[in-house]
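The values are calculated or read from the model by the stated rules, or taken from the named source; none is laboratory data. This structure is a prediction, so every number in the text was calculated from the model and none was measured. Positions of Cβ are backbone-derived with ideal geometry, glycine not excepted, and every protein chain shown enters the neighbour counts. When the accessible area is computed, the model is the full protein with side chains, heavy atoms only, and any ligands, DNA or RNA have been set aside. Shrake-Rupley method; radii C 1.70, N 1.55, O 1.52, S 1.80 Å.
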Amino acid sequence: MTDAIRRSLGPVIRTVGNVAIEKTVPPPLQQVAKAAMNFAVSSFEQARPARAQVSLEVPPPPVTNASVQGNDRLEVGDKLQVESGIGVNLRERPLASSRDLGGFRNGERLEVIAPPQGSPEQAGFVYVRGPDGSTGWVSTSFTRELTEAEAAQAPVAVGTPSDENTAASAEYQDVYVDQFGAEGDVGGDGENANCGPSATLTALRNEGLEIPPIPDLVTTHGQDTTGAEVQAVRYWGNHENDSGDDGVGTNDQGEVVYALGENGSYTGTTDIEHAVTAAGGTFYRPAANPAAIADAIRDGSTVVISGSFYEYSTATDLTPEALRAPEGRVYVDDNGDFLPDETAPGEYTLATEKKKDTWTQGGGAIEHFVAVVGVTDEGNFIVCDPAHPSKAPIEVSPEKLDAFMRGNRSAIAIDGPTTEAS
């Protein structure tokens, strides 16, 4: 083989060799492999044996590389921490308008993992797995890569339900109602929209009121249980104005029996007022804000409030024009084509985000009722959330209570029979 042919083949061999090394050799060793390959090709071009001379200095692997924790390059295996006062949303795709899969609280630790397709960092988002096992994309703007020393330390639990269960809240355990367990008492499947009846029953208990049983009910299942009381609250709340949602029906013999399928219907404030009246209590509607609710509780009332764990996403300067909805909102774009996803001809869904500034959500609730049963000396509220994961009262700050009510505010103050309505 002539020297001219050897020299012409050298660049081709280098190109092929570099591609092969980048595909097969771990990043920390690629520089060494390329140096060895380059020496061998040079020897070929000059018709020399491919032996490294004693004086050849092969550079060591670089100290900073893509696989090192804390080098500001996000790769699979890196540990991150949420650093945002409001937490970070988990998205189905690396788009701010993509479907919201939940989110993580400030301080929670995440791990970068391989996405279904492409690199783990795309368009300002990184693909992660959270402490609860959920996976998806989060914005890199709200996370920080941990240093090696930080990553080696055991993660600290953040925002767990037990953080909100305090000695003050435990004093109200006897009035707390678990909406899912209560339905199980009477033979239901534990999937229901009974937050309204359950929160109302909590308020009645806290005020020393009893809900009457359902008239003429024929059942031997779950009598004298919390579940039977929740069903009675639903009945008295809906029977007069909406019998299709009162939780009872008739069997083939014409007898009154539970119709548990109706527990999927939502309760309104008027239904709560009807149930309170049936229990012999009184009620009034205070302003739906923490200060007015605290005043009502200090005056001896228990307050049932409505709120939400989700809110509509807000458009930013980076939101494509086609995805901008009225009132500054955003349309869902799960397929990533920068056009709204059609749910029906001409109909589009608005993107939502899970709130990060309220308490832990339970039961998949979006619009939700809870009972506020007390106020501490420090000004915190004792809340009985019938869908809370801890199945116990929690203590929350006024800020968290206000954040829960944002976008779905209402309040009903419930009193015993001897208290005059304000």
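β-branched (Val, Ile, Thr) and surrounded by 22 or more Cβ atoms within 10 Å (Cβ to Cβ): is that true of residue 76 in this structure? Judged against the criteria, residue 76 is not a match. Given the structure, is residue 367 under 16 Å from the mean Cα position of the chain (by Cα) and either closer than 23 Å to residue 264 by Cα or open to solvent by 10 Å² or more (accessible area, probe 1.4 Å) (or both)? It is true that residue 367 is under 16 Å from the mean Cα position of the chain (by Cα) and either closer than 23 Å to residue 264 by Cα or open to solvent by 10 Å² or more (accessible area, probe 1.4 Å) (or both). Can you confirm whether residue 217 is of a type outside the set (S, T, N, Q), open to solvent by 40 Å² or more (accessible area, probe 1.4 Å) and either touching a Lys or Arg at 6+ places or on another chain (Cβ under 9 Å) or farther than 23 Å from residue 400 by Cα (or both)? It is true that residue 217 is of a type outside the set (S, T, N, Q), open to solvent by 40 Å² or more (accessible area, probe 1.4 Å) and either touching a Lys or Arg at 6+ places or on another chain (Cβ under 9 Å) or farther than 23 Å from residue 400 by Cα (or both). If only residues of region 386-422 that are of a type in the set (Lys, Arg) and surrounded by fewer than 17 Cβ atoms within 10 Å (Cβ to Cβ) are counted, the one that is farthest from residue 205 (Cα to Cα) is 406. Within the option set 375, 383, being surrounded by 18 or more Cβ atoms within 10 Å (Cβ to Cβ) and in contact with a Pro (Cβ under 9 Å, 6 or more places away or on another chain) holds for one residue only, 383. Evaluation of residue 218 against the conditions (1) of a type in the set (Val, Ile, Thr); (2) at pLDDT below 95; (3) within 19 Å of residue 368 (Cα to Cα) shows that the sole unmet condition is (3). Taking residue 148 as the residue in question, decide whether it is closer than 30 Å to residue 339 by Cβ and open to solvent by 40 Å² or more (accessible area, probe 1.4 Å). So residue 148 fails the test. Considering 209, 201, the condition of being surrounded by 14 or more Cβ atoms within 10 Å (Cβ to Cβ) and under 32 Å from the mean Cα position of the chain (by Cα) is satisfied by 201 alone. Summed over region 103-126, the residues that are touching a Gly at 6+ places or on another chain (Cβ under 8 Å) and either open to solvent by less than 10 Å² (accessible area, probe 1.4 Å) or without any contact (Cβ under 8 Å) to a residue 24 or more places away in the chain (or both) give a count of 3. Screening residue 340 on (1) part of a strand (DSSP E or B); (2) surrounded by 15 or more Cβ atoms within 10 Å (Cβ to Cβ) shows it passes everything except condition (1).
Of the candidates 177, 156, the single residue that is over 30 Å from residue 348 (Cβ atoms), part of a loop (DSSP other than H, G, I, E, B), of a type in the set (Val, Ile, Thr) and free of Cβ contacts under 8 Å to residues at least 60 places away in the same chain is 156. Taking region 227-337 and the strands (runs of 3 or more DSSP E) fully enclosed by it, the elements with 1 or more residues that are open to solvent by 20 Å² or more (accessible area, probe 1.4 Å), out of contact with any helix residue (DSSP H, G or I) (no Cβ under 9 Å at 6 or more places or on another chain) and aliphatic (A, V, I, L, M) are at 256-258.
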